[in-house]
Amino acid sequence: MTGLKERSVGIVMNGVTGRMGYRQHLVRSILAIREQGGLAMPDGTVIRPEPILVGRSEAKLAAIAQRHRLDNWTTDLDAALSDSSAEIYFDAQVTSRRAESVRKAVAAGLHVYTEKPIAEDTETALELARVAASAGVKVGVVQDKLFLPGLRKLKRLVDGGFFGRILSVRGEFGYWVFEGSWQEAQRPSWNYRAEDGGGIIIDMFCHWRYVLEDIFGPVRSVQALAATHIPERVDEQGRTYTCTADDAAYGIFELDGGVVAQINSSWATRVFRDELVEFQVDGTEGSAVAGLRRCRVQHRSVTPKPVWNPDLPATEDFRSQWQEVPDNAEFDNGFKAQWELFLKHVVNDEPFPWDFLAGARGVQLAELGLRSAREGRRIAVDELTL
């Protein structure tokens, strides 16, 4: 690092005792950036993130700090926000606590980067966007799926015109989350309580909004069916509780250009796919199936001509007729990649399109999805403005 100018950036990281806050944002993003020697800028400056850990459990924070040799941590958010080294506030708390903390961070003059959904309802999300814009701080929302290798390859195909006219998108996401009785649940219990901000629609429709919007085009309508397939689960203390939030959602989205997207999301399904999420895109010139990492294609010129005959066993190996899309690039951890873009946005004013308005669009689609499920009808998705 001799001869390089180092630029320290203090980051108040609230919610690092949780699964995502700890694993993806602290360990695999911020600490990973530090371990690689910082983030190099075009002028030779090296950004070095300095985490300030915040959470509600003193014991958990102390253990994390000791494990990673970090000495700046507190259970007092106000104290962390007033730290003279703090420039960015990051929020990975439960959704119900997010808006209040983000308002505090904006009032303290910090730039804000936050997990999604940014709020429990669209109006609050827009209000946060307006408050941040008025304060002149830079803001961003985590939209990690766009940085998955499989979806980056899919975007490359779209940009290159591989599909011709895109007809449809079919997505399958989910896995079996154990009920917490005879096997421990692998997701926290609040996910299944609507009163605590839980539910798969509020969680996943925020993702599907930016995936569909950034890769294929604007979402113009939504029709959804929500279900609570598992009515009771067992929480972290071994207590049985009633599930009040949806654990599965079946959505149909109409996009610009007549593209129809159908996405199933479920925490009550067993995986018979290559990856936990897969999207099949069909177009006039070709099709693709993309997951977290892989992407396979079948061009029009090599598409077979199967014939329906239920009286005979299938003789074709349909999977073998698809071609693997090469990486053609090195793919870093998606959370880390977006963190690096936001750090460059804060320090060097480089572009960062996923602001609070983008986050509000995700909340809007989730809200409309829940409303569609309640009312049993298709609902138009209007443009949002500040």
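The values are calculated or read from the model by the stated rules, or taken from the named source; none is laboratory data. No experiment lies behind these values; they were computed from the predicted model shown. For neighbour counting, all protein chains shown are included, and Cβ atoms are generated from backbone atoms with ideal geometry for every residue, glycine included.
Every residue in segment 210-239 that is β-branched (V, I, T) and closer than 17 Å to N264 by Cα, please.
Within segment 210-239, V211, V219, V222, T228, I230 qualify.
Which of the numbered conditions does E254 fail, given that it passes all the others? Conditions: (1) assigned by TED's automatic domain parsing to the domain that holds V139; (2) among the acidic types (D, E); (3) assigned to a strand (DSSP E or B).
Looking at each condition in turn, E254 falls short on (1).
Which of the residues belonging to segment 33-55 are of a type outside the set (D, E, K, R) and either crowded, with 18+ Cβ neighbours inside 10 Å or within 25 Å of R103 (Cα to Cα) (or both)? I'd like the intermediate steps shown before the answer.
Of all residues in segment 33-55, those of a type outside the set (D, E, K, R) come to 33, 36-42, 44-47, 49, 51-55.
The answer is I33, G38, L39, I47, P49, P51, I52, L53, V54, G55.
Can you name the residue in segment 291-305 that is loosely packed, with under 11 Cβ neighbours inside 10 Å and not charged (D, E, K, R) and is also modelled with the lowest pLDDT among such residues?
The residue in question is P304.
Residue by residue through segment 115-158, note down the ones that are among the polar types (S, T, N, Q), more than 23 Å from F216 (Cβ to Cβ) and touching a residue at least 12 places away in the same chain (Cβ under 8 Å).
Within segment 115-158, the subset among the polar types (S, T, N, Q) is 122, 124, 134, 143.
Right, trim to more than 23 Å from F216 (Cβ to Cβ) and you get 124, 134.
Result: T124, single match.
Quick check: anything in segment 181-200 under 30 Å from G283 (Cα atoms) and modelled with pLDDT of 95 or more? Before you say what the answer is, go through the steps one by one.
Our first condition is that a residue be under 30 Å from G283 (Cα atoms); within segment 181-200, this holds for 200.
Subsequent filtering for residues that are modelled with pLDDT of 95 or more retains 200.
Looking through segment 181-200, at least one residue is under 30 Å from G283 (Cα atoms) and modelled with pLDDT of 95 or more.
Residue under question is G150, and the condition is that it be surrounded by 22 or more Cβ atoms within 10 Å (Cβ to Cβ), under 30 Å from K104 (Cα atoms) and in the same structural domain as E375 (by TED's automatic domain parsing); does it hold?
Values: surrounded by 22 or more Cβ atoms within 10 Å (Cβ to Cβ): yes; under 30 Å from K104 (Cα atoms): no; in the same structural domain as E375 (by TED's automatic domain parsing): yes.
When the stated conditions are applied, G150 does not pass them.
For segment 116-146, enumerate the residues that are surrounded by fewer than 24 Cβ atoms within 10 Å (Cβ to Cβ) and either of a type in the set (D, E) or within 16 Å of the chain's Cα centre (by Cα) (or both).
The answer is E120, D121, E123, E127, Q143, D144, K145, L146.
I'm told A86 meets every condition in (1) surrounded by fewer than 21 Cβ atoms within 10 Å (Cβ to Cβ); (2) farther than 30 Å from Q186 by Cα except one. Can you identify the failing condition by its number?
(1)
Just for strands (runs of 3 or more DSSP E) wholly inside segment 19-137: which have at least 2 residues that are of a type in the set (D, E, K, R)?
Working: elements: 46-54, 86-91, 111-114.
In segment 19-137, 46-54, 86-91 are the strands (runs of 3 or more DSSP E) which contain 2 or more residues that are of a type in the set (D, E, K, R).
Go through segment 110-120 and give me each residue that's among the acidic types (D, E) and at pLDDT 95 or above.
Pass one, segment 110-120, residues among the acidic types (D, E): 115, 120.
Answer for segment 110-120, where residues must be among the acidic types (D, E) and at pLDDT 95 or above: just E115.
Got a sec? Which of R19, R28, R23 is of a type outside the set (A, V, I, L, M, F, W, C), free of Cβ contacts under 8 Å to residues at least 60 places away in the same chain and assigned by TED's automatic domain parsing to the domain that holds H111?
Values: R19 fails: free of Cβ contacts under 8 Å to residues at least 60 places away in the same chain; R28 fails: free of Cβ contacts under 8 Å to residues at least 60 places away in the same chain.
R23 is the lone residue from the list that is of a type outside the set (A, V, I, L, M, F, W, C), free of Cβ contacts under 8 Å to residues at least 60 places away in the same chain and assigned by TED's automatic domain parsing to the domain that holds H111.
Looking for whichever is farther than 30 Å from G198 by Cα and of a type outside the set (G, A, S) here; the options are V297, V271. Which one fits? Lay out the reasoning, then the answer.
Working: V271 fails: farther than 30 Å from G198 by Cα.
On inspection, the qualifying residue turns out to be V297.
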